[in-house]
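Take a look at the structure below.
Nothing in this text is a laboratory measurement; each read-out follows from the coordinates by a stated rule. All values reported here derive from a predicted model rather than from experimental measurement. Positions of Cβ are backbone-derived with ideal geometry, glycine not excepted, and every protein chain shown enters the neighbour counts.
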Amino acid sequence: MSPVVVVAVLVGVVALATALGLALRSQQGRLRPVRVGTHALVGIAAATQGTPPLAIPLVPSHADAIAAEPDDVISAGELPEPLGADATVVQFSSEWCTSCAATARLVDGLQVELPGLRRIELDVDAHPELVRRFRVLQTPTLLLLDRAGAVRSRIGGAPRLAPLRTELDRIIGSPG
């Protein structure tokens, strides 16, 4: 094989790896609103393993939202602390998580601005049933709950302040 072909293949592999890395990175910290209502069930692999399939809503403007399942309400008894008066951020963290502390500081800062907000941190190793139930695949993962404990949004990865604040304002301002 000629050196030109080898270099071309290496450049192609590096370009592909870079594109995949950027695509994955763009999904980190992305807010995914939870929509209750009409949705299509997908996820054959999940269904065959005994877990409920992922529900994707048929709402064109929110194509990346996750539809709420009937068990997407967290009762106060399932958490080590009471729910917030207006909203609760449940943060799934782990000992090895490098961005969990920064995420906690970010949400704690919002608690000062939003007195009815509470952050509850759960270690993924100590709460495997909730990890399975909410399909937590990375830490931090945030579940944004309304005052009744219904999951309204989720964020996988380190959140961005502006979308998080906007979503919390929406949750707190809406009847729940």
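Listed values, structure above:
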| quantity | calculated |
| --- | --- |
| HN-Hα J in Hz across region 153-161 - Karplus 6.51, -1.76, 1.60, θ = phi - 60°, x for Gly and Pro | 7, 9, 9, x, x, 5, x, 9, 4 |
| Distant-in-sequence amide H partners of Asp123 (H built 1.01 Å from N, under 5 Å) | Ser93 |
| Per-peptide average of other Cβ atoms within 10 Å, ordering 125-138, 79-92 highest first | 79-92, 125-138 |
| Protection proxy ranking of 1-12, 149-160, 106-117 - average other beta-carbon atoms within 10 Å, highest first | 149-160, 106-117, 1-12 |
